[in-house]
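Just below is one structure, and these are the notes that go with it.
The values are calculated or read from the model by the stated rules, or taken from the named source; none is laboratory data. Because the structure is a prediction, the values reported are computed rather than measured. Quick reminder, even Gly has a Cβ in these numbers, built from the backbone with ideal geometry, and neighbours come from all protein chains shown. Quick note on the areas: whole protein, heavy atoms, side chains included, nothing else; ligands and nucleic acids left out. Shrake-Rupley method; radii C 1.70, N 1.55, O 1.52, S 1.80 Å.
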Amino acid sequence: LTARACRAGIKAMGLKLWPAREEIAAPSTTAVTIPENLTTKQIHAAARDSFGVTLSAGRHETYDKLIRIGHMGPMAEPIYAVAAVTVFGSAMRQLGIAADIGAGVEAALAEIANKT
């Protein structure tokens, strides 16, 4: 549920998920494609400096190509998807990328309310 809510929020903000199809996405992580001209370091700094949140980077060949939002342990609670969508969207806006944070939050909340 948390992963579905996070992915719904990311897409509703107008951002792109990394997996080619959601059916193959990991249930414990949402991987988001980093928009062109941005780096992992920029996104990390925006999220950490403004909100105290650390997002995970891609590894090896996916570094600077994707950001990972984890849904494990305490972070598997669905409400954390709303926080992650808000922080990621806010970081994108700070870095000049259009992100409809309100639409993202609404989509995540709708997914949580649906619970199917």
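Direction-averaged shadow area of the convex hull around the Cα atoms of the chain, nm²?
6.7 nm²
Take the alpha carbon gyration tensor of segment 56-116, find the square roots of its eigenvalues, order them as a ≥ b ≥ c, and report rounded if a/c is under 1.5; if not, report prolate when a/b exceeds b/c, else oblate.
The shape class here is oblate.
Which whole-number percent gives the relative contact order of the chain, counting Cα pairs below 8 Å spaced six or more residues apart?
Once normalised by length, the contact order is 40 percent.
Just tell me which lysines come within less than 29 Å, Cα to Cα, of LYS41; anything on the same chain fewer than 8 places away is out.
Those lysines meeting the cut-off are LYS11, LYS16, LYS65.
Give me the percent of the accessible area of the chain that comes from carbon and sulfur atoms, probe 1.4 Å, all protein chains in place.
The C+S portion of the solvent-accessible surface of the chain is 55 percent.
In square angstrom, what is the accessible area per residue of the chain with a 1.4 angstrom probe?
Value for the chain: 54 Å² per residue.
Taking the Cβ-Cβ separation of LYS16 and GLN94 as r and a Förster radius of 22 Å, what is the calculated FRET efficiency to the nearest 0.05?
Computed FRET efficiency for LYS16 and GLN94: 0.75.
Tell me, in nm to one decimal, what length is gained between PHE51 and ILE24 on full extension, where the rule is 0.36 nm per residue of separation less the Cα-Cα distance?
Full-extension gain reported as 6.7 nm.
Give the long-range amide H neighbours of LEU17: residues separated by 5 or more places, or on another chain, with amide H under 5 Å away, using H modelled in the peptide plane at 1.01 Å from N.
Those qualifying (amide H under 5 Å, at least 5 residues apart or on another chain) are THR33.
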